[in-house]
Amino acid sequence: MATKTRASSEKKKGPGKGSKKKGPEIIRVPETTVEIVSDSGEGAQKCGQIFGAVCAKMGNGAWTVEIIPAEIQPPARSKAGGSGNRVRFGTEEITNWGDATNLVVAFNEQVLLGRIELGALAEDAIVLLDNKWATHADEDIQKEWQGGLKELAKHDYRIVEVPMEEECLKIVEDPRRGKNMFALGLLAWICDRDVDLIRAQIAHQFRRKGEEIYQRNVELMEAGYGWAEKNLDFRIEVPTIPSDVPKVVMNGNEAIGMGAIAAGMELCSMYPITPATSASHYLSEVYDKFGGVVHQAEDEIAAVGVAIGASYAGKVAYTITSGPGLSLKQEFLGLAVMLEVPLVVVDVQRGGPSTGLPTKVEQSDLLTACFGQHGDAPHVVLAPATMEECFHSMITARRIAEAFRTVVIVLTDANLATGVQPYPRPQLDARWQQAPVSLPPVDENVPPYDWDPQTGLSPQRYPGQPGGMYTATGLAHNAWSKVAYDPDSHQLGSQMRSRKIAVLQQTLKPPQVYGSDSGELLVVGWGSTKGAIEEAVDRAQAEGLSVSSCHLTFIQPLQPGLKEIFSRFDRVMTVEINYSDEPDDPYITDENRRRAQLAWVLRASTLVDVDCWSRVPGQPLRPGNILKAIRQRLEMGAKV
Amino acid sequence: MTHLGCSLLSCGVVDDRHFEMEDYQGAIARWCPGCGDHSILTAMQRLLEEEQLKPEQTVFVSGIGCSSRFPHYMKTYGFHGLHGRAIPAATGIKLERPDLDVFVTMGDGDCCSIGAGHWIHAIRYNVDMVVLLLDNNMYGLTKGQTSPTTPATFPSNTQPYGSYLEALNPLTATLGVTNASFVAQTAEWIPAHLFETLKAAYHHKGFAFVRILQRCPVYTEKIYEDAVRQPDAIEMLIHDDGIHIPDLDEIYKNQIIHDPGNLDEARRLAEPFDRFRLGIFYRNEKRPRYEDLRRLPVRTAEEKVELLNQEFDRYAV
């Protein structure tokens, strides 16, 4: 539910601090959203990451989102250059980034104004702002500061000027290195966070930097905490309910990396690309001890080529990329399908086409993931919706790739990749690991593609198996892998490769409907939007609206039963983060309307007139905006 | 990575199979009559027989083009992949299975044009494999288009008034890349030299790059015509550590003693010259090999689960 920081508020003494002044106002809420924003390079992201991890470790539900400019060092004090982290945390589980921020710590007024222009702040947000700029030596900056304050005064924010720089200078010479820890201390006092946990998290974050750096960061954090305690007259209380379920907290890329390890995959062949690369960073740090290799290839094409070569010769290998990389890999993906070599491809989606929005979320690779190869190249496309699903999707992907001798594309996105969420600690199973490749002799009378005519499935054969020599070829071939241009061979090969996907589809379960299983509107989503869609559905139902939702994990093949589920609703629409024309846009008719990507697929496969509502803001969708779309579509009436 | 040194199946079991040349012969080669690829195929089958390589432990990897049909004509494992992309696939095979003998065959379009990026980086990786550039100076399978090694002014279907550019020199290019470890040049019409060069490449531990001058009877018949007819057009690099075939001394009288350990001299000799120089230009087995640099412990499933649980402890709430 939407929650304002003023949901309940009372005055009481600070918790056992023996404060001499009158105790601070306690704002008690079931959840709140905090963000810290600075110029790039001032460490706001690190501060937010630590704060989010501490919230999760204290037992709160949490979801963090990075605020990232595209450049490494954009100009200082610019509206577009803001960098930081936004943490939504609550008593219960948090499934998405929510609507707006309730509490902001900003290192300068320009990055704050940038966030306001993006509509990031709640109307009644509390703002803590470094006031060093008021007395800055540069008169232009002083003028900007004054102008900024006037702008801020037009809103209903509660603004607290904090001498962050001045206080930090008491401890360090260069406050650009350390102000983030002071800010962390401010937030820690305001939100009553466990200081021991914060110290431990600082130690983890700076584990490669040495004791001195750790000590200084702790000192700065404690200074912030102390300043807040002495000077602030409010605290925000988000109760925690300690859970007896053991949990882990990580971002989606780390979950992908750990999932790959849990799945027994030992070769990640990649080329650097945002926002996928951090998964390789994680793997590079730990993979050696698991006997695994991150191979940084010379380009995206080589990266997938090396993975396919390794899969052909032994264990299933994988590659991690983003949209532009996926485009470059397409020819090789078609080859893997043709050779029936298992392969796992993770596509961490970002805004496109072309270089697009390299650091920002979009779900616009769905169609290219399904249909990007030339020719007919049937394969599997999965879409995890949470950090937990990122982990498990790698185990599923490897098993499907191997059992069905095909390509499995796992579609995540920048929202999952960089967001942090706690989830139940997986119970690992040694059976998820791949067995060593066994190389028994092969009967020379058995062809290398010994297709079961019913299922299209055939056992994979590896170099080293005596009697089994064959040449895998991307040319049309018969069961003996002999080049065959005759009409029957290509028909049969195509049929066998396609049949496998139907067999997989028959093993899948229908998706679950969230909410009532029939009604006026069904919202269908996929990937990282799940939490936001379900929160919007909850709110709509609370308003008395007849709406449910349904989230798809398998995009290709689609899970069974969709047509039947859709038939129970008057209207079906997808909600996605990719572009679609609105029905009332100029020139747009029902015939020429370009729909959101899942909507295309669902219309084609179910013959249901599936509508869509989609946006490409370079940000996750907000539950409040989805709710508005739900209301608007319901006003339009039935359409099935 | 997988390491299959001694499996329970093969350990201690004497493999007394003897392989004849026919045991390495796959499908009937469908290259044009007079194509130089036939003689390269024969030399390769002879090499496998002489070395008694196990067919199942040998993989031929190729791209797309006339020469890339090579794996189909061998009775070993084969990987006939994408145009220009033989090397990445071969690298993956070798990383996963260092126990396999890997041979790569590419044409000049494959290696020097569409796949040039992979070629350059593979030299640097120095993964242990034999890499053959079957260089007929032309795109053959697509019917006569200028390739990077087509001589200047030589006409083709895409440059009918003659190639505009000077030909790329695959030898200087390879020798110029950091970590080059074996570079040789031979010609398919001198079978004894071809065989000895392939053999030296096979025995080299590292990325063994061999450019094979190869006649195309359809599109580039003229290019090597003089060299085939006039032994004076050839200059042999000979050395105790290189290749020296005394039987050829009578025919190829232009000889130069070249120590394959001398990189500077190798680079000088690889520069354009009025004769084709054949032999080992450079060999250095001390260069680091990528698969050795990345060699890692082999973990059991249980060990990995234990280690991953320790990872989860770091991220535990």
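Do you know which residues across the stretch A:415-450 are within 30 Å of residue A:244 (Cα to Cα), outside any helix (DSSP H, G or I) and touching a strand residue (DSSP E or B) at 6+ places or on another chain (Cβ under 9 Å)? Step through it out loud before you land on a result.
Within the stretch A:415-450, the first condition is being within 30 Å of residue A:244 (Cα to Cα), and the residues that meet it are A:415-433.
Then drop every residue that is not outside any helix (DSSP H, G or I), which leaves A:419-429, A:433.
Result: A:419, A:420, A:421, A:422, A:423, A:424, A:425, A:426.
So, residue B:298, is that one at the interface with chain A (Cβ under 7 Å from one of its Cβ atoms) and part of a loop (DSSP other than H, G, I, E, B) or not? Spell out the reasoning first.
Numbers: at the interface with chain A (Cβ under 7 Å from one of its Cβ atoms): yes; part of a loop (DSSP other than H, G, I, E, B): yes.
Spelling it out, residue B:298 is indeed at the interface with chain A (Cβ under 7 Å from one of its Cβ atoms) and part of a loop (DSSP other than H, G, I, E, B).
Of all residues in the stretch A:217-240, which are under 16 Å from residue A:54 (Cβ atoms) and in a loop (DSSP other than H, G, I, E, B)?
Correct list: A:238, A:239, A:240.
Residues are listed down the side, and each one gets a yes or a no for (1) under 30 Å from the mean Cα position of the chain (by Cα); (2) exposed (fewer than 12 other Cβ atoms within 10 Å of the Cβ):
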{"site": "B:246", "(1), (2)": "yes, yes"}
{"site": "B:275", "(1), (2)": "yes, no"}
{"site": "B:291", "(1), (2)": "yes, no"}
{"site": "B:307", "(1), (2)": "no, no"}
{"site": "B:311", "(1), (2)": "no, no"}
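Just one of A:144, A:173 is in the same structural domain as residue A:81 (by TED's automatic domain parsing), modelled with pLDDT of 95 or more and at negative phi; which is it? Break it down into steps so the answer makes sense when it comes.
On the way: A:173 fails: modelled with pLDDT of 95 or more.
On inspection, the qualifying residue turns out to be A:144.
Would you confirm whether or not the stretch A:449-457 contains a residue that is closer than 30 Å to residue A:258 by Cα, within 8 Å of chain B (Cβ to nearest Cβ) and open to solvent by 40 Å² or more (accessible area, probe 1.4 Å)? Explain how you work it out, then say what you get.
Residues of the stretch A:449-457 closer than 30 Å to residue A:258 by Cα: A:457.
With the extra rule that they be within 8 Å of chain B (Cβ to nearest Cβ), the set shrinks to none.
No, there is no match, as no residue in the stretch A:449-457 is closer than 30 Å to residue A:258 by Cα, within 8 Å of chain B (Cβ to nearest Cβ) and open to solvent by 40 Å² or more (accessible area, probe 1.4 Å).
Which is over 27 Å from residue B:317 (Cβ atoms), in contact with a strand residue (DSSP E or B) (Cβ under 6 Å, 6 or more places away or on another chain) and crowded, with 20+ Cβ neighbours inside 10 Å, of A:267, A:283? Quick ask: steps written out before the conclusion?
Values: A:283 fails: over 27 Å from residue B:317 (Cβ atoms).
Among A:267, A:283, only A:267 is over 27 Å from residue B:317 (Cβ atoms), in contact with a strand residue (DSSP E or B) (Cβ under 6 Å, 6 or more places away or on another chain) and crowded, with 20+ Cβ neighbours inside 10 Å.
Would it be correct to say that residue A:428 is closer than 22 Å to residue A:255 by Cβ and surrounded by fewer than 24 Cβ atoms within 10 Å (Cβ to Cβ)?
On the way: closer than 22 Å to residue A:255 by Cβ: yes; surrounded by fewer than 24 Cβ atoms within 10 Å (Cβ to Cβ): yes.
So residue A:428 fits the description; yes.
Just to be sure I understand, how many residues within the stretch A:108-122 are in contact with a Phe, Trp or Tyr (Cβ under 8 Å, 6 or more places away or on another chain) and acidic (Asp, Glu)? Give the derivation first.
Pass one, the stretch A:108-122, residues in contact with a Phe, Trp or Tyr (Cβ under 8 Å, 6 or more places away or on another chain): A:108-109, A:121.
With the extra rule that they be acidic (Asp, Glu), the set shrinks to A:109.
Matching residues across the stretch A:108-122 total 1.
More than 14 Å from chain B (Cβ to nearest Cβ) and not in a loop (DSSP other than H, G, I, E, B) - does that describe any residue in the stretch A:478-487? Walk me through it before giving the result.
Kept after step one, since they are more than 14 Å from chain B (Cβ to nearest Cβ), are these residues of the stretch A:478-487: A:479, A:486-487.
Then keep just the ones that are not in a loop (DSSP other than H, G, I, E, B); that gives A:487.
Within the stretch A:478-487, one or more residues are more than 14 Å from chain B (Cβ to nearest Cβ) and not in a loop (DSSP other than H, G, I, E, B).
For residues that are closer than 15 Å to residue A:342 by Cβ and hydroxyl-bearing (Ser, Thr, Tyr), scanning just the stretch A:389-406, find the one that is surrounded by the most Cβ atoms within 10 Å (Cβ to Cβ). Spell out how you get there, then give the answer.
Of the residues in the stretch A:389-406, the ones closer than 15 Å to residue A:342 by Cβ are A:394-406.
Cutting the leftovers down to hydroxyl-bearing (Ser, Thr, Tyr) gives us A:396, A:406.
Details: A:396: 21, A:406: 23.
So, considering only residues that are closer than 15 Å to residue A:342 by Cβ and hydroxyl-bearing (Ser, Thr, Tyr), the one surrounded by the most Cβ atoms within 10 Å (Cβ to Cβ) is A:406.
Please go through the stretch A:349-377 and pick out each residue that is among the aliphatic types (A, V, I, L, M) and assigned to a loop (DSSP other than H, G, I, E, B).
Step one: filter the stretch A:349-377 for residues among the aliphatic types (A, V, I, L, M), giving A:357, A:361, A:366-367, A:369, A:377.
Passing the criteria: A:361, A:377.
Would you confirm whether any residue within the stretch B:103-121 is within 7 Å of chain A (Cβ to nearest Cβ), part of a loop (DSSP other than H, G, I, E, B) and surrounded by fewer than 24 Cβ atoms within 10 Å (Cβ to Cβ)?
No, the stretch B:103-121 contains no residue that is within 7 Å of chain A (Cβ to nearest Cβ), part of a loop (DSSP other than H, G, I, E, B) and surrounded by fewer than 24 Cβ atoms within 10 Å (Cβ to Cβ).
Under 9 Å between Cβ atoms, which residue pairs at least 6 apart in sequence (or on different chains) link something in the stretch A:344-358 that is more than 27 Å from residue A:267 (Cβ to Cβ) with a partner that is of a type in the set (Lys, Arg) and open to solvent by less than 40 Å² (accessible area, probe 1.4 Å)?
A:356/A:350; A:357/A:350
Please pick out the residue among A:576, A:635, A:591 that is acidic (Asp, Glu) and under 23 Å from residue A:412 (Cβ atoms).
A:576
Is it the case, given these coordinates, that residue B:229 is out of contact with any Lys or Arg (no Cβ under 7 Å at 6 or more places or on another chain) and open to solvent by 90 Å² or more (accessible area, probe 1.4 Å)?
Numbers: out of contact with any Lys or Arg (no Cβ under 7 Å at 6 or more places or on another chain): yes; open to solvent by 90 Å² or more (accessible area, probe 1.4 Å): yes.
Against the criterion (out of contact with any Lys or Arg (no Cβ under 7 Å at 6 or more places or on another chain) and open to solvent by 90 Å² or more (accessible area, probe 1.4 Å)), residue B:229 qualifies.
When the stretch A:504-547 is examined, which residues are found to be among the polar types (S, T, N, Q) and either free of Cβ contacts under 8 Å to residues at least 24 places away in the same chain or surrounded by 24 or more Cβ atoms within 10 Å (Cβ to Cβ) (or both)? Explain how you work it out, then say what you get.
We begin by selecting, within the stretch A:504-547, every residue among the polar types (S, T, N, Q); these are A:505-507, A:512, A:516, A:518, A:528-529, A:541, A:546.
Scanning the stretch A:504-547 gives A:507, A:528, A:529.
How about the stretch B:71-91: which of its residues are at the interface with chain A (Cβ under 7 Å from one of its Cβ atoms), in a loop (DSSP other than H, G, I, E, B) and small (Gly, Ala, Ser)?
Of everything in the stretch B:71-91, just one residue is at the interface with chain A (Cβ under 7 Å from one of its Cβ atoms), in a loop (DSSP other than H, G, I, E, B) and small (Gly, Ala, Ser), namely B:81.
Within the stretch A:239-267, which residues are of a type in the set (A, V, I, L, M, F, W, C) and touching a helix residue (DSSP H, G or I) at 6+ places or on another chain (Cβ under 8 Å)?
Taking the stretch A:239-267 as the starting set, the residues that turn out to be of a type in the set (A, V, I, L, M, F, W, C) are A:241, A:245, A:248-250, A:255-256, A:258, A:260-263, A:265, A:267.
Selection gives A:248, A:249, A:250, A:255, A:256, A:258, A:260, A:261, A:262, A:263, A:265, A:267.
Could you go through the stretch A:319-334 and let me know if any residue there is in contact (Cβ under 8 Å) with a residue 60 or more places away in the chain, β-branched (Val, Ile, Thr) and within 12 Å of chain B (Cβ to nearest Cβ).
no
Against the condition in contact with a His (Cβ under 8 Å, 6 or more places away or on another chain), open to solvent by less than 10 Å² (accessible area, probe 1.4 Å) and of a type in the set (D, E, K, R), how does residue B:135 come out, does it pass? First the steps, then the outcome.
Numbers: in contact with a His (Cβ under 8 Å, 6 or more places away or on another chain): no; open to solvent by less than 10 Å² (accessible area, probe 1.4 Å): yes; of a type in the set (D, E, K, R): yes.
Criteria not met by residue B:135.
Is there a residue being over 15 Å from the mean Cα position of the chain (by Cα) and open to solvent by 10 Å² or more (accessible area, probe 1.4 Å) anywhere in the stretch B:82-91?
Yes, that holds for at least one residue.
Any residue that is open to solvent by less than 10 Å² (accessible area, probe 1.4 Å), more than 7 Å from chain B (Cβ to nearest Cβ) and part of a loop (DSSP other than H, G, I, E, B) - is there at least one of those in the stretch A:252-263? Talk me through it step by step, then tell me what you get.
Kept after step one, since they are open to solvent by less than 10 Å² (accessible area, probe 1.4 Å), are these residues of the stretch A:252-263: A:252-253, A:255-263.
Among the residues that remain, those that are also more than 7 Å from chain B (Cβ to nearest Cβ) are: A:252-253, A:255-257, A:259-260, A:263.
Then drop every residue that is not part of a loop (DSSP other than H, G, I, E, B), which leaves A:263.
Taking every residue of the stretch A:252-263 in turn, at least one turns out to be open to solvent by less than 10 Å² (accessible area, probe 1.4 Å), more than 7 Å from chain B (Cβ to nearest Cβ) and part of a loop (DSSP other than H, G, I, E, B).
Here are some conditions: (1) facing chain A (nearest Cβ under 7 Å); (2) under 20 Å from residue A:338 (Cβ atoms); (3) open to solvent by 10 Å² or more (accessible area, probe 1.4 Å); (4) touching a His at 6+ places or on another chain (Cβ under 9 Å). Residue B:95 meets all but one. Which one does it not meet?
(2)
Here is a yes/no grid of residues against (1) touching a residue at least 24 places away in the same chain (Cβ under 8 Å); (2) assigned to a helix (DSSP H, G or I); (3) within 30 Å of residue A:27 (Cβ to Cβ):
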site: A:173; (1), (2), (3): no, no, no
site: A:183; (1), (2), (3): yes, yes, yes
site: A:187; (1), (2), (3): yes, yes, yes
site: A:197; (1), (2), (3): yes, yes, yes
site: A:200; (1), (2), (3): no, yes, yes
site: A:209; (1), (2), (3): no, no, no
site: A:212; (1), (2), (3): no, yes, no
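Scanning the stretch B:29-70 for residues that are surrounded by fewer than 20 Cβ atoms within 10 Å (Cβ to Cβ) and charged (D, E, K, R), which turns out nearest to the other protein chains (Cβ to nearest Cβ)?
Restricting to residues being surrounded by fewer than 20 Cβ atoms within 10 Å (Cβ to Cβ) and charged (D, E, K, R), the top hit is B:54.
Which members of the stretch A:40-77 meet the condition of being open to solvent by 20 Å² or more (accessible area, probe 1.4 Å) and closer than 12 Å to residue A:420 by Cβ?
A:45, A:49, A:57, A:66, listed by residue number.
The values are calculated or read from the model by the stated rules, or taken from the named source; none is laboratory data. Everything quoted here is computed from the prediction, not taken from an experiment. Cβ atoms come from the backbone with ideal geometry, glycine included; neighbour counts cover every protein chain shown. In case anyone asks, the SASA skips ligands and DNA or RNA and just uses the protein heavy atoms, side chains included. Shrake-Rupley method; radii C 1.70, N 1.55, O 1.52, S 1.80 Å.
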